[in-house]
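Just below is one structure, and these are the notes that go with it.
The values are calculated or read from the model by the stated rules, or taken from the named source; none is laboratory data. The shown structure was predicted, so the numbers you read here are calculated from the model rather than taken from an experiment. Virtual Cβ from ideal backbone geometry, glycine too; neighbours counted across all protein chains shown.
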Amino acid sequence: MPHFFIAGTDAGVGKTYVACNLLRDLNNRGLTAGAFKPVCCGERADARRLREAAGMSESLEQINPIYLRAFAEPAMAAELEHKAISMLQLVEAYESLRSTYPILLVDAISGWETPLADGITMADLAEQLQLPVILVVKNQRGAVSQAIMSVRAISNRGLVCQAIVLNHIGEEWDTASVTNKQLIEHYTGVPVLAELIHDQEYIDSQELLGI
């Protein structure tokens, strides 16, 4: 079974929300799936939600090896705490979970090129792991441009954006949110395999992940 990298066009687009829904559906289908949250800043709520959704017994430190207290970009949060984030530490933590779970969802932090340390971004980790990418896009005006830029950046790393999830944060819809799917698919060539309405608690993992 493959593993997946859950990326987003920005912070607050719903990456963890999507990952948790996928984990619940995978487990409901009888598939063993786990989650890896490389970095948390400000709080560990995302890691806790992922652990609960997957029913994992691992500690938060195993699921989320880098926790920084400052609510800031990881590179700055680490600098404020006089800590270092290394690619080796993140990859080793990933490999430890990878050996346990036949399906593992890597839940990124913030946007695609979020700085982790001097000269290292979240995109570098994705490139190191060589996983298919599921891109989460906030369904609003401007989403098409963000999706195009993100898909191009993913491709430039030699990675495959397997699918896009349009996540509608608010309750109201406008012309942009209704038409974004058609434009995103046309300009990126990547299928939008899920359009989530506000507070939707179900995603078809088989449709989205192909497993």
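Considering 9, 32, the condition of being crowded, with 22+ Cβ neighbours inside 10 Å, hydroxyl-bearing (Ser, Thr, Tyr) and at pLDDT 95 or above is satisfied by 9 alone. Residue 31 - would you say it is among the hydrophobic types (A, V, I, L, M, F, W, C), part of a loop (DSSP other than H, G, I, E, B) and more than 15 Å from the chain's Cα centre (by Cα)? Criteria met by residue 31. Taking each residue of the range 47-73 that is modelled with pLDDT of 95 or more and surrounded by fewer than 19 Cβ atoms within 10 Å (Cβ to Cβ) and looking for partners that are part of a loop (DSSP other than H, G, I, E, B) and aliphatic (A, V, I, L, M) with beta-carbon atoms closer than 9 Å, six or more apart or interchain, yields 62/56. Given the criteria in a helix (DSSP H, G or I) and more than 27 Å from residue 201 (Cβ to Cβ), does residue 95 qualify? The answer is yes for residue 95.
Examine the range 77-87 for a residue that is hydrophobic (A, V, I, L, M, F, W, C) and under 18 Å from the mean Cα position of the chain (by Cα), and state whether such a residue exists. Checked the range 77-87: at least one residue is hydrophobic (A, V, I, L, M, F, W, C) and under 18 Å from the mean Cα position of the chain (by Cα). Looking across the range 106-129, the residues that are within 13 Å of residue 7 (Cα to Cα) and of a type in the set (S, T, N, Q) come down to 110, 114, 121. Scanning the range 88-139 for residues that are surrounded by fewer than 22 Cβ atoms within 10 Å (Cβ to Cβ), charged (D, E, K, R) and touching a helix residue (DSSP H, G or I) at 6+ places or on another chain (Cβ under 6 Å) gives a single hit, 113. When residue 200 is tested against (1) over 19 Å from residue 27 (Cβ atoms); (2) in contact (Cβ under 8 Å) with a residue 12 or more places away in the chain, only condition (1) is not met. Just so you know, in the range 103-146 the residues that are charged (D, E, K, R) and part of a helix (DSSP H, G or I) include one that is nearest to residue 88 (Cα to Cα), and it is 124.
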